[in-house]
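A.B. asks: If you scroll down you'll find the structure; I have some questions about it.
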Amino acid sequence: MSNSTYISTGAYAADYNQVKDLGSATSGTRTADQTDAANFWQGAQGTMTNVGLWNAVAESIVASQSLSLADSARLYAALNVALADASIVAMDTKYEVDLWSPQQAIQNGSADGNGATVADPTWTPLQPSLEMPSYFDERGILGGAATGILEQFAGNSYSFLLESDTDGDGNPDLNFNFSSLAAALEQAKNSAVWSGTNFQKAADDGAAAGAQIASDVMSNQFAAVPEPAGALLVLIAGMVGFARRRR
């Protein structure tokens, strides 16, 4: 993505005005559920973070789906490799694209060259912005990577309850019931806008990149392999077929 090209577009202006409205510390438009979701997925230091939340989902899948020991190990390994890869891609992309945060953008909107963005020098987000470029959004790319892995083991319609400790005291403060993994991803990535920490494009593109990472991880590193007995049967069948052809 070209930073300057995006900022000059109508799509950027729409993202700008969306986060300016919904992500403001004093927003009168953001709903109570959206505020809770922003806090739920914040992943502040001292909490279990988004990586921990997605591992909690994996734990519930292992228990509810009665996965074998081998499949459980493969699930946890694939999930955490994908999450680690997603974190690396997010950081690399941030400094390659170098897109400013909504707080920087909105406070300096008169200098961006886009006539559809109105500056507000006093604007602040619901949650503090990270001191780094904002594209890709972490909530989006981690959620896309996690969902892509977890759906391989639980399917598209897996429903679950997820709890979050938002203040780091070790006790859950908020919980949400999700009808599917896709619903959890949708909330996770949109929460970046509701928190005022990122633009919708950074969240959406991050989720898409995460899904691609999950696909690559599953295809290249954690593809299902036959059970030893199954592999032996395949070998025996092949030998029998070969012997018959030689006769």
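A.B. asks: Subtract the Cα-Cα distance of T26 and N108 from 0.36 nm times their separation in residues, and report this length gain in nm to one decimal.
C.D. replies: Working: separation 82, 0.36 × 82 = 29.52 nm, distance 1.86 nm.
Full extension of this stretch gives 27.7 nm more.
A.B. asks: Right, something else. Based on DSSP H runs of at least 4 residues, each adding -39500 (n - 2.57), what is the mean residue ellipticity at 222 nm of the chain after dividing by all its residues, to the nearest 500 deg cm²/dmol?
C.D. replies: Numbers: 10 runs with 149 residues, N = 247.
About -19500 deg cm²/dmol.
A.B. asks: Sum up the charges of everything whose Cβ sits under 15 Å from the Cβ of W100, counting Lys and Arg as +1 and Asp and Glu as -1, but leave W100 out.
C.D. replies: -4
A.B. asks: So for the range 1-119, what percent of the C-alpha to C-alpha distances run longer than 19 Å?
C.D. replies: The calculated P(r) of the range 1-119 puts 65 percent of pairs beyond 19 Å.
A.B. asks: Working from Cα positions, state the angle (0 to 90°, nearest 10) between the long axis of helix 200-220 and the longest principal axis of the chain.
C.D. replies: 10
A.B. asks: Something else about it: How large are Rg and Dmax for the range 54-107 when calculated on the C-alpha trace, in angstrom?
C.D. replies: Cα radius of gyration and Dmax of the range 54-107 are 17.3, 53 Å respectively.
A.B. asks: Does the range 138-207 come out rounded, prolate or oblate, given a ≥ b ≥ c as the square roots of the eigenvalues of its C-alpha gyration tensor, rounded meaning a/c under 1.5 and, failing that, prolate meaning a/b above b/c?
C.D. replies: oblate
A.B. asks: Can you sort E163, E96 by 1.4 Å-probe accessible area, starting with the largest?
C.D. replies: Sorted descending by solvent-accessible area, the residues read E96, E163.
A.B. asks: Could you give P(r) for the chain, binned at 5 Å from zero, as whole percent values over all Cα-Cα pairs?
C.D. replies: Pair shares across the bins are 1, 6, 12, 16, 16, 14, 10, 7, 5, 3, 2, 2, 2, 1, 1, 0, 0, 0.
A.B. asks: Return the single residue from Q45, Q18, Q187 with maximal mean-square fluctuation; model: Gaussian network over the chain, springs between Cα atoms under 10 Å.
C.D. replies: Its mean-square fluctuation being the largest, the pick is Q45.
A.B. asks: Oh, and also: Taking the chain as the reference, fit the longest principal axis to its C-alpha atoms, fit the long axis of helix 228-246 to the helix C-alpha atoms, and give the angle between the two in degrees, 0 to 90, nearest 10.
C.D. replies: The helix 228-246 is inclined about 50 degrees to the chain.
A.B. asks: Tell me the carbon and sulfur percent of the accessible area for the range 36-193, rounded to whole percent, probe radius 1.4 Å.
C.D. replies: In the range 36-193, the share of accessible area belonging to carbon and sulfur is 50 percent.
A.B. asks: A further question follows. Let me check I've understood the local charge: for R30, count other residues with C-beta under 11 angstrom from its C-beta, Lys and Arg +1, Asp and Glu -1. What total comes out? Write down the numbers at each step before the final one.
C.D. replies: On the way: positive: none; negative: D21, D33, D36.
Residues near R30 contribute -3 overall.
A.B. asks: If one computes the Cα centroid of the range 148-190 and of the range 5-28, what distance in Å separates the two points?
C.D. replies: A separation of 26 Å, based on Cα centres.
A.B. asks: If you take all C-alpha pairs in the range 69-207, what percent of them are over 22 Å apart?
C.D. replies: I get 48 percent for the Cα pairs in the range 69-207 exceeding 22 Å.
A.B. asks: On to the next question. How far is helix 138-154 tilted, in degrees, relative to the longest principal axis of the Cα atoms in the chain, given as a value from 0 to 90 rounded to the nearest 10?
C.D. replies: 30
A.B. asks: Using a Gaussian network model on the chain with a 10 Å cutoff between Cα atoms, which of T31, T47, T122 fluctuates the most?
C.D. replies: T122
A.B. asks: Under the Kirkwood approximation applied to all pairs of distinct alpha-carbon atoms, what is the hydrodynamic radius of the range 123-164 in Å?
C.D. replies: Final number for the Kirkwood radius of the range 123-164 is 13.1 Å.
A.B. asks: Hey, another quick one. Compute the signed sum of charges (Lys and Arg +1, Asp and Glu -1) over the other residues within less than 9 Å, Cβ to Cβ, of L174.
C.D. replies: Values: positive: none; negative: D36, E163, D165, D173.
That works out to -4.
A.B. asks: In square angstrom, what is the accessible area per residue of the range 1-129 with a 1.4 angstrom probe?
C.D. replies: Result: 47 Å² per residue.
The values are calculated or read from the model by the stated rules, or taken from the named source; none is laboratory data. Note that the structure is predicted; figures quoted are calculated from it, not measured. Neighbour counts run over all protein chains shown; Cβ positions are idealised from the backbone, glycine included. Only protein heavy atoms, including side chains, enter the accessible area calculation; ligands, DNA and RNA are left aside. Shrake-Rupley method; radii C 1.70, N 1.55, O 1.52, S 1.80 Å.
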